[in-house]
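All remarks here apply to the structure that follows.
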Amino acid sequence: MKPPQHHRKRGYRKTLASVLRHVEAAQCGYDDASWLYYHVAGLRSRLDRAEGELKGMVDQADNMHRECAFWRDQYQRVAYQLEKETEDG
């Protein structure tokens, strides 16, 4: 079973390592510069997308916490009412 899309490894490390190797080697030819620009732009795009996904997940977690608090409060109210009815009953 595959994990959800945002949990999958996307191979960014491999691309980033390759970009860093080129930078370390100080290969400054035009072809290398355009290659580096292309891959850095791709990594930046992926980073922006991942940050958007992270923000969405944080918002979703906040919503779940609020919903959990709401239902916990509802459960406590019902439990209190049932307890009160059984004492009166």
For ARG44 and MET57, extending 7 Å from Cα along the Cα-Cβ vector and measuring point to point gives, in nm, a value of 2.4 nm
Summed over the other residues with a beta carbon less than 15 angstrom from that of ASP59, with K and R at +1 and D and E at -1, the charge totals -2
So for segment 42-89, using the alpha carbon gyration tensor with a ≥ b ≥ c as root eigenvalues (a/c under 1.5 gives rounded; past that, a/b versus b/c decides prolate or oblate), I'd call it prolate
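Every number in this text was worked out from the coordinates using simple rules, so none of it is lab data. Just so it is clear, the model here is predicted, and its values are computed rather than measured. Ideal geometry is used to build each Cβ from the backbone, glycine not excepted, and the neighbour counts take in all protein chains shown.
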